[in-house]
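Just dropping this structure here.
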Amino acid sequence: MCLRPRPANSARIVAGQGASARSRQGFVRSLALPMALPAALLLNACGGGAAEPADPNAEAASELHQAQPLHVRNVTLLPESSESGTYSELVTVKYSEEVLATAEADKPECLAAANRWGTLEGVRKAPASVAAYEWPEGAVTHMLVRTDEDTAAEALAAKAPEDCDEYTATYEDGTSSTYGMADLEDVPRIADESRAFTIVVHSAGTENRIVSLMYRNGGVVGTTTILGGGEAEEYEEMLVEFSEAAVERQRQMLG
């Protein structure tokens, strides 16, 4: 089923529906629950619809979008699969929230555990940018949200509940996936402060990995997420390299 959330205030670059998107549809759903905002969801979001009202955050969100990295080693931006606008009105956010609303879990508090900060009012009303990237070893996505420093610090403090190290989610059609979440302790600090974690997803006999790093750079909250079936060490290395490059790009573009 193709969900069609319609953003009221989103400066959206319409998501692609090419072969790369279709090849990921098999585990789009399994990745949606723990991450809420992975690249695969963005690539699978539906396009079309009438023109939307002007977004009051359009200019600020566009500035963030221009501050997204273009290349990091062999990771390349996919402009057609990226979007910017008010955080709560992004197609990616709306789609994720619809997926979460139709799922059940043995530990309900864990469904959106990795993205609890996204419920903060100061985040939901803030300008944001989500950029999707092509990488031979997996899918990469990077989000930027610009808010005040107090809200940014609160976002970094919104960690997953302690009992979410393992849980099972059941979807609308009766299928299920098991998730194992753990902190990444050896990842160096990025920007003012940061934290990182990994999620291993078992679904329909397959295993996929998600590594994600969240950082605060002044009043900007950034998240780097890598997903796919690659090796943990390689994913963690790219996670740090990409995040460091993203902070440097912000320094150049945002001051």
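The values are calculated or read from the model by the stated rules, or taken from the named source; none is laboratory data. Every value quoted in this text rests on a predicted model; they were computed, and no experiment measured them. Glycine also receives a Cβ, built like all others from the backbone with ideal geometry; neighbour counts cover every protein chain displayed.
When the residues of the range 196-208 are narrowed to those that are touching a Ser or Thr at 6+ places or on another chain (Cβ under 9 Å) and surrounded by fewer than 19 Cβ atoms within 10 Å (Cβ to Cβ), which ends up modelled with the lowest pLDDT?
204
State all residues of the range 96-108 that are assigned to a helix (DSSP H, G or I) and at pLDDT 85 or above; if no residue qualifies, say none.
Scanning the range 96-108 gives a single hit, 108.
Outside any helix (DSSP H, G or I) and surrounded by 21 or more Cβ atoms within 10 Å (Cβ to Cβ) - does that describe any residue in the range 116-125?
Taking every residue of the range 116-125 in turn, none turns out to be outside any helix (DSSP H, G or I) and surrounded by 21 or more Cβ atoms within 10 Å (Cβ to Cβ).
Quick one: would you say residue 174 is modelled with pLDDT under 95 and in contact with a Gly (Cβ under 9 Å, 6 or more places away or on another chain)?
Against the criterion (modelled with pLDDT under 95 and in contact with a Gly (Cβ under 9 Å, 6 or more places away or on another chain)), residue 174 does not qualify.
Return yes when residue 179 is over 30 Å from residue 58 (Cβ atoms), in contact with a Ser or Thr (Cβ under 9 Å, 6 or more places away or on another chain) and surrounded by 23 or more Cβ atoms within 10 Å (Cβ to Cβ) and no when it is not.
So residue 179 fits the description; yes.
Of all residues in the range 202-237 being among the hydrophobic types (A, V, I, L, M, F, W, C) and under 16 Å from the mean Cα position of the chain (by Cα), which is farthest from residue 154 (Cα to Cα)?
Per the criteria, the residue is 227.
Which residues, counting only those in the range 130-157, are loosely packed, with under 15 Cβ neighbours inside 10 Å and either assigned to a strand (DSSP E or B) or in contact with a helix residue (DSSP H, G or I) (Cβ under 7 Å, 6 or more places away or on another chain) (or both)?
Within the range 130-157, 148 is the sole residue that qualifies.
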